[in-house]
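One structure is given below, encoded as structure tokens.
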Ligand SMILES: Nc1ncnc2c1ncn2[C@@H]1O[C@H](COP(=O)(O)OP(=O)(O)O)[C@@H](O)[C@H]1O
Ligand SMILES: [Mg+2]
């Protein structure tokens, strides 16, 4: 299991990873935790399995071993950076990788490219789908082409902005009316996002977004906003949707605090709109033997206040689920994603807002509320089994594709011929 990462969502990823581990069938899997520190270095060790140890990162990493994989196709070994005198330096040989990381360098295809180069099966989207899903501009372009509704948007890069702000603003104002919302194209967890109700606020919001990334997207701000999220799992040919949730926000937009810091202990969480199903599960986890140190401290996306399942007008849930599957397929996703929708309550238009190809908590709370075909609700361990089987199946299928075509073109060159092509 790979988690952490060079991303502003490093901590959230730790929560996702530890929650996922708790759900995993320990008899079936021998899990090797691999934490990617903010420095980019990889570590393994038992100490990584307890959330409280992350309070003191220096001590934690001192108690772990630094490790690496080699970019050599077919080498699935995890190596020690500093092997002992008598050890070969191989900590483990890995069969499959379960990435539970979020954000840049992790969820955006970067890591997926490394794993593909190594030739190790891994859960979730490949490089292409990860990259397309991460970039809010590219994602919206693809969805538009597939007739999937997205709110009106305008985009530019930071160089254009700094070279000629007036020109960018003129083009933007020709396309969109205020209020708008300004986002870094590749952020997550609401980081770098601000609403702007006039030109002054726009300029401030763009500077803020551009401090995080080079590509900036500006969208029409939906003022009578209702948000609905839905998870999809499977692959292009065979995918299914979870129940929907309505996340509860405290301000104009759903913030980092709403997502991750309103649960465990803060006032309002208990009496809030958190669904019976979700809070019940949290209590169960807290009561479980040996899990108390890992649960409730920070529940990640699971701690968000939500209505689950979403109470929507007749037919809207089905429409959202159909659009979620269409989005998953348009972006050629694999594994498990969460697709977030915006409903404009002014006219009940439904828009796809974004996809999260490695969602917080892997959307475990959504699947645990979803009935299977036999009417029983999913256990998340079963969902994980399906994801891991899917990773092996994809890897087998890729093995059938041609990667060597037509032999060696150099063999036909005259012997002793020049080196010029
Ligand atoms: N077009 C929009 N109109 C109104 N609110 C929006 C719009 N886009 C995003 N938001 C608000 O901002 C939040 C974060 O935006 P989002 O695109 O989901 O970025 P992130 O990837 O950081 O979650 C959303 O959950 C929603 O509350
Ligand atoms: Mg979002």
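Observations on the model:
- Working from Cα pairs under 8 Å separated by at least six residues, relative contact order for the chain is 17 percent.
- Looking at the chain, the DSSP beta bridges with both ends there are about 90 percent antiparallel.
- Quotient of Cα Rg and 2.2 N^0.38 Å for the chain, N being how many residues it contains: 1.05
- The Cα atoms of region 93-183 cover 56, 32, 19 Å along the three principal axes, with the biggest extent listed first.
- Tensor-based shape of region 1-109 (alpha-carbon gyration tensor, a/c under 1.5 rounded, otherwise prolate or oblate): rounded
- Fraction in percent of alpha-carbon pairs per bin - 10 Å, region 152-220: 24, 63, 14, 0
- Overall form of region 1-42 per C-alpha gyration tensor (a/c, 1.5; a/b vs b/c): oblate
- Spin-label model, residue 398 to residue 85: label points 7 Å out along the Cα-to-beta-carbon direction sit 4.2 nm apart.
- Gap separating the Cα centres of region 348-401 and region 107-177, nearest whole Å: 23 Å
- Ranked for footprinting exposure by Cβ neighbours inside 10 Å, fewest first, 53, 102, 197 give 197, 53, 102.
- Estimated 222 nm signal from helices in the chain, with DSSP H stretches of n ≥ 4 weighted -39500 (n - 2.57), rounded to 500: -9500 deg cm²/dmol
- The distance from the alpha carbon centre of region 29-57 to that of region 306-323 is 37 Å, rounded to a whole number.
Every number here is computed from the coordinates shown, using simple stated rules; none is lab data. All of these numbers come straight from a predicted model, not from anything done at the bench. Methodologically, a virtual Cβ is constructed for each residue, glycine included, from the backbone with ideal geometry; neighbour enumeration extends over all protein chains shown.
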